[in-house]
Amino acid sequence: MKGRYVQVSTATGEHFQAYLATSIDGRGPGVVLCQEIFGVNPAMRAVADHLAEEGYSVLVPDLYWRQKPGVELGYTPEDFQQAFALYQGFDENHGVEDIASALNHLKGLPECSDAGLGVVGYCLGGKLAYLAACRLPQVACAVGYYGVGIESALHELQGLQGRLVLHFAELDQFCPGEAREAIIQALEGVPRTEAYVYPGVDHAFAR
């Protein structure tokens, strides 16, 4: 199953590109999929296509559009260097705003059912999924894989209304044990949250 690109409007009247993978059923629960630091590359589109085969309608917004539209990096040392530079210049607040725009766009599509909206993210997207869950009341469920820097935003949990599921790699140098434990402890007192640690694996284990 292959998707297509669509244009998403922002609250300020600007536009950015997003990859849309439609549910195999023609209509399904809406999910916004948030990219790694490498942009909306083949790996992210493959995840979207897989979720569509599972019955979801998935939108993958180009979250780098404010810096450099259409980024599609691989995993060579040169690509890592470019990706890290983009990551360092990325504005998380704008990212959450763009996720909100993507959710609004998705909700208005006939391919999206009224079963509730979700956000899934990996790496950079893992933290953005967390922030979206905490800031955007329309997010019924958010799933973050090895999000980077969540431990510095634990105060955001007070805004959580939906369900939150976080996945961690035991050997992740970008989220070391101390940071991971701080996150898990913070979640313990918050309803509808879950955290899973995967032993013996490193960052990006789910890719």
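The values are calculated or read from the model by the stated rules, or taken from the named source; none is laboratory data. In this text the structure is predicted, and so the values were computed from the model without any measurement. Cβ: placed from backbone, ideal geometry, glycine included. Neighbour counts: every protein chain shown. Ligands, DNA and RNA are excluded from the accessible area calculation, which covers all protein heavy atoms including side chains. Shrake-Rupley method; radii C 1.70, N 1.55, O 1.52, S 1.80 Å.
Details
- Our estimate of slack between Q67 and A85, defined as 0.36 nm per intervening residue step minus the Cα-Cα distance, is 5.4 nm.
- For segment 2-111, the Cβ-based charge dipole about the Cα centre amounts to some 280 debye (Lys, Arg positive; Asp, Glu negative; other atoms uncharged).
- Projecting the Cα atoms of Y64, H167, P29 onto the charge dipole of the chain, computed from C-beta unit charges around the Cα centre, puts P29 farthest toward the positive end.
- Looking at the chain, the DSSP beta bridges with both ends there are about 30 percent antiparallel.
- Here each label is just a point 7 Å from Cα along the line to Cβ, and for I184 and K2 those points are 4.3 nm apart.
- The chain, accessible surface, carbon-and-sulfur percent (1.4 angstrom probe): 52
- Net charge of Cβ neighbours under 13 Å - reference A83; Lys, Arg +1; Asp, Glu -1: -3
- Solvent exposure of segment 39-150 as accessible area per residue, Å², 1.4 Å probe: 39
- By the Stokes-Einstein formula, at 1.002 mPa s and 20 °C, segment 50-94 with its Kirkwood radius over alpha-carbon pairs has D equal to 173 µm²/s.
- Relative contact order for the chain, counting Cα pairs under 8 Å that sit 6 or more residues apart, in percent: 17
- Taking 13 Å as the straight-line reach from the Cα of K127, the aspartates and glutamates in range (excluding those fewer than 8 positions away in the same chain) are E36, D91, E92, E151, E156.
- Here the Karplus relation 6.51 cos²θ - 1.76 cosθ + 1.60, evaluated at θ = phi - 60°, turns the backbone of segment 68-74 into coupling constants of 7, x, x, 5, 9, 9, x Hz, with x for every Gly and Pro.
- Point-charge dipole on Cβ atoms (K/R +1, D/E -1) for the chain, about Cα centre, debye to 20: 500
- In a fully extended conformation the segment linking E54 and E78 would gain 5.2 nm over its present Cα-Cα distance, using 0.36 nm per residue.
- Value at 222 nm in deg cm²/dmol, rounded to 500, when DSSP H runs of n ≥ 4 in the chain each add -39,500 (n - 2.57): -9500 deg cm²/dmol
- Pairwise label distance in nanometres, H94 with R192, each label 7 Å out on the Cα-Cβ vector: 3.1
- The modelled label-to-label distance for the pair D202/E14, using points 7 Å beyond Cα in the direction of Cβ, is 3.5 nm.
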